[in-house]
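Enquirer: Mind looking over this structure? Questions follow.
Where a number appears in this text, it was derived from the coordinates with a stated rule and is not lab data. Small disclaimer: the values here were computed from a predicted structure and weren't measured. Cβ sites come from the backbone with ideal geometry, for glycine too, and all protein chains shown count toward neighbours.
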Amino acid sequence: MTKGRRIIGFGGSLALAPLIFASVFSAIAATSATVMAAPVKMTSLPTTANALIFLAPLVKNGIVLQNLDSSLAPYLTVTVTNATGQLLETYTAQGSRSSQLMVSRAEYHVVGHGMAAGDDIIVSLNGMTKGTVNLPSLVLGTFVVAFPHPRSVAIQFAIRNNPVVRSRELRLEGDSATQVAAVLETEFGLSALNAAGLLAEQQYSAPHVGQALNAVYHESATQTASILTQLQYSADQVALALQSVYQEDAQETADILQQIGDTASQVGGALKNVYNEGAQATAAILQQATYTVDEVAGVLQSGFNQTAQETADILQQIGDTASQVAGALQAAYNESAQAAADIMQSLGYSVNTIASTLQSVYSQSAQDVSNILQSLGYSASQVTTVLSNVFSLSQQTIGGILKSAGYT
């Protein structure tokens, strides 16, 4: 038997399979969360399971009807399809008299004509398309007809008060995210995370969800960022919420995003796209947010298309050491020792600094360093001093190295 469907037999005999409805947030709940400064515990989010109840004469289930929602008629669609999926009938509150969905005493009803074995009765809440919002219809449940002969039948059902259903109804009515969140909190007692999850499901933007979390649940900027990230909003979207709702500046936003586990690349992108920060400003902010120099260099390369020379210049200006700059050139740009030395020379580093960096970062020998320095135009006297100070070599050994390096 197909999951999520009830089989209707002649005279009301019934076989019931569990109603199982997939949610976009089942995947979120299964996703391993990054370490966060103010973690929000991921819980199971509400679904529409058990919201829909089909009634007599289709079934005789003996269920006590309570907490029913009678406000949904304008947004409901009942469709009947045959076994091959062909649409046979559509019933709505806006339909003609013979096909109009009605509601009385919190029970919805319409007469289905010529229904035959294998036909599906599908009850759904309408979707919507507006701007960037493209919500598909929300299926509440399906029955499979098993009458031995075609016949007309009264399709009657009720819908329990349900937070998922309510959030879709309010979305269709044009309510703001904050208005919807207030209803979800007062009527259903939903937590901030669950309410935000349903708002995300209804395709409210990150700033709108952030505003709801701030206004209704009094969540801090970091808590809101954590929730939005768990709900798979991008770093750019979270940054936009922090900027527009909490008036966080670029550094504050970067610090928060770093605390909730975003990568340097994600934060760098948000600084560029949301705060319009340039390459050097972004590098300084990322450094302050405790990202490593290698991570910062990677952002400058991939996010700002900076050359190795440009990146080294920026890193030097924001206070990184020669060893850090050289290490970043190696890690982000795969620069050779020769290329790194050339860049460092152009940035004004001393010959001793260049030599010690080549030794410590690139594991260059005294001979390797001498060869590189010779190619960069340093004199024999300068290289002699380097070999003595950095490598602590004797004059006899230095003489042999200089000769091998091409000095006369």
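Enquirer: Quick test of the membrane-span-like rule: which DSSP H helices of the chain reach at least 24 Å along their long axis (C-alpha atoms) with mean Kyte hydropathy at least 0.0?
Expert: None clear 24 Å together with a mean of 0.0.
Enquirer: Which distance in nm do the two modelled labels at Ala116 and Ser323 give, with both placed 7 Å along the Cα-to-Cβ direction?
Expert: 8.4 nm
Enquirer: Among bridges DSSP assigns within the chain, what percent are antiparallel (round to 5)?
Expert: Looking only at bridges with both residues in the chain, the antiparallel portion is about 85 percent.
Enquirer: What nm value, rounded to one decimal, do you get for the distance between Ser346 and Ser302 when each label is placed 7 Å out toward the C-beta?
Expert: For Ser346 paired with Ser302, the spin-label model returns 2.4 nm.
Enquirer: Give me Ile155, Ile354 ranked fewest to most by other Cβ atoms within 10 Å of their Cβ, as a rough exposure proxy.
Expert: Ile155, Ile354
Enquirer: Taking 0.36 nm per intervening residue step and subtracting the Cα-Cα distance, what contour gain separates Ser388 from Ala56 on full extension? Please list the in-between numbers first.
Expert: On the way: separation 332, 0.36 × 332 = 119.52 nm, distance 9.81 nm.
Taking Ser388 through Ala56 to full extension adds about 109.7 nm, to one decimal.
Enquirer: Under the 0.36 nm per residue contour assumption, what length would be gained going from the current alpha-carbon distance of Ser381 and Ser104 to full extension?
Expert: Length gained, Ser381 through Ser104: 89.7 nm.
Enquirer: Label-point separation (nm) for Ser96 and Gln66, each offset 7 Å from Cα along Cα-to-Cβ?
Expert: Distance between the two pseudo-spin positions: 4.3 nm.
Enquirer: Straight-line reach only, C-alpha to C-alpha below 20 angstrom: list the aspartates and glutamates that Lys272 could link to, leaving out same-chain residues fewer than 8 apart.
Expert: Once the sequence-local aspartates and glutamates are set aside, what remains near Lys272 is Asp236, Glu248, Asp249, Glu252, Asp255, Asp262, Asp294, Glu295, Glu310, Asp313.
Enquirer: Would you mind ranking Asp119, Asp342 so that the residue whose beta carbon has the fewest other beta carbons within 10 Å leads the list?
Expert: Starting with the residue having the fewest Cβ neighbours, the order is Asp342, Asp119.
Enquirer: On to the next question. Normalising by the residue count of the chain, find the relative contact order in percent from Cα pairs under 8 Å and 6+ residues apart.
Expert: RCO, the chain: 11 percent.
Enquirer: I would also like to ask the following. If each DSSP helix of 4+ residues adds -39,500 (n - 2.57) and the sum is divided by the residues in the chain, what number results at 222 nm, nearest 500 deg cm²/dmol?
Expert: Helix contribution divided over all residues of the chain: -14000 deg cm²/dmol.
Enquirer: Dipole of the stretch 175-274 (Lys/Arg Cβ +1, Asp/Glu Cβ -1, origin at the Cα centre): which of Ser234, Ala181, Gln223 lies farthest to the positive side?
Expert: Final value for the positive-end residue is Ser234.
Enquirer: Fewest to most neighbouring Cβ within 10 Å: what's the order for Asp120, Asp262?
Expert: Ranked by crowding around the Cβ, least crowded first: Asp120, Asp262.
Enquirer: Once a ≥ b ≥ c are taken as the square roots of the eigenvalues of the Cα gyration tensor of the stretch 52-160, is the result rounded (a/c under 1.5), prolate (a/b larger than b/c) or oblate (a/b not larger than b/c)?
Expert: Oblate.
Enquirer: Could you point to the label whose value was computed as Rg and Dmax of the Cα atoms in Å for the structure here, given (1) 33.4, 110; (2) 33.9, 132; (3) 27.2, 93?
Expert: (1)
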